[in-house]
Amino acid sequence: MQLIRTGVLGQNHAFQFLACSGAVMGIAGTSFSRKKAIGKQIRALKPTDLVTLSIGGNDAGFFDILNACVYRFYGIRSGNCKEQLQKSMKLISSDTFAVSYHKTLTDILAKGAGPHFRLLALGYSPFFDEALTDECNSKSFGYWKMWRPKLTVKLRRQLNEVSLHLNSRIIELIKDRGDDRIIWVDWAPKFKDHLFCQPGKESPSDGENTWFFDVDFRSMNLTIDDVGVDVDTCAQQSLNSGDWGHRAACGIAMVHAQRSEYPHVLRRGSHDDDFSANQYPNQPGLARVFHPKPQGYAAIAEAIQSRWPDMPSGPSISDKTT
């Protein structure tokens with residue numbers, strides 16, 4: 001949508017918005033929602049001159065990483081951070097990831113209308129400033145007071161490495177095809193001074209200058225009725241939905257349902273990393289954690305626009321990457 005606002009597409013264009021939060025390629029052996037499989041979107045795509053594609057993060061388990069390593073929405077059931085990081089890195093490097101990504105590209109290219117068709121393949125950005133300074137070492141995005149993973153230099157580096165490895169893998173797969181119709185768009189440099197944990201900042205998030213969302217609210221003193229999620233059914237339902245907000249809300253509900261086991265976990269003092277709230281975060285707010293804010297999407301549109309000179313006869317990714 002931000003691309004439309006740039007005016008670069010001109011006045012007389014037809015536009016299909018088929019983006020789907022939580023979209024996956026549907027890699028064999030991974031848990032995913034068939035409702036979110038990108039094949040459904042591709043089938044709905046009409047013959048076109050231009051497609052933008054952003055895929056791979058959900059397949060790589062970005063939510064599972066954030067749950068295990070950063071927020072711990074599910075409390076003790078959030079998983080092991082080290083194991084999840086290893087699992088995600090291994091999957092990105094796998095042949096099954098390559099096969100799925102190639103199939104996605106092939107299916108989209110089949111929708112191309114003529115020789116001027118271009119597929120703009122987008123990557124991902126690191127989430128934390130790459131200077132990796134010490135100010136964030138004692139800070140945490142952890143949702144609960146009881147589970148507070150610290151944003152250490154080591155953890156921030158590991159989280160960034162997942163995004164960087166995913167980018168490298170996508171570039172490798174696109175180069176392997178040697179198809180001039182596919183153009184790599186690297187928008188990460190646009191976010192350079194707008195990531196979490198900027199040098200010299202006391203808080204991990206620097207307000208509007210940070211272009212990724214954190215959780216809107218942390219909870220205090222809620223009852224299970226306040227949460228409004230059926231803990232007996234939400235686990236599978238939220239997984240089937242593929243929605244980050246539903247999955248996070250389910251974990252929060254499960255912890256609330258066992259509040260007697262954690263007498264102090266449901267309270268957060270106003271001094272806790274300057275995070276406090278007295279209301280339940282809505283699911284849209286949870287769904288957008290570590291996703292770009294509007295100003296971030298505007299920057300991504302600029303990155304796409306910067307590749308316009310490469311179309312329709314510019315250099316392929318085998319000759320040029322940014």
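Here are some notes:
- Only one entry of Ile317, Ile252 meets the criterion of being at pLDDT below 75, surrounded by 20 or more Cβ atoms within 10 Å (Cβ to Cβ) and β-branched (Val, Ile, Thr), and that entry is Ile317.
- Selected residue (criterion: nearest to Lys111 (Cα to Cα)) from residues of the range 20-40 that are among the charged types (D, E, K, R) and either in contact with an Asp or Glu (Cβ under 9 Å, 6 or more places away or on another chain) or at pLDDT 85 or above (or both): Lys40
- Screening the candidates Ser163, Ser125 for the property of being closer than 22 Å to Tyr71 by Cα, in contact with a helix residue (DSSP H, G or I) (Cβ under 6 Å, 6 or more places away or on another chain) and of a type in the set (Gly, Ala, Ser) yields one hit, Ser125.
- All positions within the range 173-195 that are within 18 Å of Pro115 (Cα to Cα) and basic (Lys, Arg): Arg177, Arg181
- Annotation: of all residues in the range 230-249 being part of a loop (DSSP other than H, G, I, E, B) and within 20 Å of the chain's Cα centre (by Cα), the one that is modelled with the highest pLDDT is Asp243.
- All told, Ser163 falls short of being polar (S, T, N, Q), surrounded by fewer than 17 Cβ atoms within 10 Å (Cβ to Cβ) and closer than 17 Å to Ser125 by Cβ.
- Residue match in the range 192-209 (condition: closer than 25 Å to Gln305 by Cβ, buried (at least 20 other Cβ atoms within 10 Å of the Cβ) and modelled with pLDDT of 80 or more): yes
- Between Arg156, Arg148, the distinction of being in contact with a strand residue (DSSP E or B) (Cβ under 6 Å, 6 or more places away or on another chain), farther than 30 Å from Phe97 by Cβ and either part of a helix (DSSP H, G or I) or at pLDDT below 95 (or both) belongs to Arg148 only.
- Within the set Leu85, Leu120, Leu66, Leu105, the sole residue that is surrounded by 18 or more Cβ atoms within 10 Å (Cβ to Cβ), part of a strand (DSSP E or B) and in contact (Cβ under 8 Å) with a residue 60 or more places away in the chain turns out to be Leu120.
- Only one of the listed residues (Phe97, Phe73) is buried (at least 22 other Cβ atoms within 10 Å of the Cβ), more than 19 Å from Val215 (Cβ to Cβ), touching a residue at least 24 places away in the same chain (Cβ under 8 Å) and hydrophobic (A, V, I, L, M, F, W, C). That residue is Phe97.
- The residue list Leu120, Leu109, Leu105, Leu53 contains one member that is among the hydrophobic types (A, V, I, L, M, F, W, C) and within 16 Å of the chain's Cα centre (by Cα), which is Leu53.
The values are calculated or read from the model by the stated rules, or taken from the named source; none is laboratory data. Remember, predicted model here, so these are calculated numbers, not experimental data. Here the Cβ is made from the backbone with ideal geometry for all residues, glycine too, and neighbour counts use every protein chain on show.
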